[in-house]
1. Would you kindly state how much longer the chain becomes between ARG45 and ASN79 on full extension, computed as 0.36 nm times their sequence separation minus their alpha carbon distance, in nm to one decimal?
2. Using a Förster radius of 25 Å, what is the FRET efficiency between ASN65 and LEU92 based on their Cβ-Cβ separation? Nearest 0.05, please.
3. What angle do you read, to the nearest 10 degrees and between 0 and 90, between the alpha-carbon axis of helix 85-94 and the longest principal axis of the chain?
4. Can you check what the net charge comes to around LEU47, using other residues whose Cβ is under 15 Å from the Cβ of LEU47 (Lys, Arg +1; Asp, Glu -1)?
5. Name the lysines eligible as straight-distance cross-link partners of LYS68: C-alpha to C-alpha under 19 Å, and not fewer than 8 places from it in the same chain.
6. In whole Hz and in residue order, list the ³J(HN,Hα) couplings for the range 50-57 that follow from phi through the Karplus curve 6.51 cos²θ - 1.76 cosθ + 1.60, θ = phi - 60°; x for Gly and Pro.
7. Please compute the Cα-Cα pair-distance distribution of the chain with 5 Å bins starting at 0, giving whole percents from short to long.
8. Work out the FRET efficiency for MET55 and LEU35 from their Cβ-Cβ distance, taking R0 = 22 Å, and round it to the nearest 0.05.
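Bear in mind that the values in this text are calculations on the coordinates, not laboratory data. The shown structure was predicted, so the numbers you read here are calculated from the model rather than taken from an experiment. Because the Cβ atoms are built from the backbone with ideal geometry, glycine has one as well, and the counts that use them run over all protein chains shown.
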Amino acid sequence: MKPQETNNYIVQIHGISAEILLQRFDSLEKQIKELKSQQQPVPDRLLSRDETAQMLGVSIVTIHNWVKSKALKAYKVGNKVRFKESEVLGSLQQI
């Protein structure tokens, strides 16, 4: 295959036909579009004790009691306590 000059670059391809190369690019383009169209998972929002208490309409003491009784799971982030929003909403069904 003879080198072809394109935008001041020389393009040389050995061992693959231009048709096959174009098909592979088309396939890659379709895969990229498909991946982009898939909904990306939204990271779980972390709530403070105050936010959790307000969301559930209870006091911070009640939140503390629910953590002690394992009705609500708490996570330590440094020296702070946080709750996963999805777990808080899920715990509403149990409580």
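1. Gain on extension, ARG45 to ASN79, equals 10.5 nm.
2. Plugging the Cβ-Cβ distance into 1/(1 + (r/R0)^6) gives 0.95.
3. Helix 85-94 sits roughly 50 degrees off the main axis of the chain.
4. +2
5. The qualifying lysines are LYS76, LYS80, LYS84.
6. 4, 4, 5, 4, 5, 4, 8, x
7. Histogramming the chain at 5 Å steps yields 2, 10, 14, 13, 7, 5, 5, 5, 5, 5, 6, 8, 6, 6, 2, 0 percent.
8. Computed FRET efficiency for MET55 and LEU35 comes out at 0.05.
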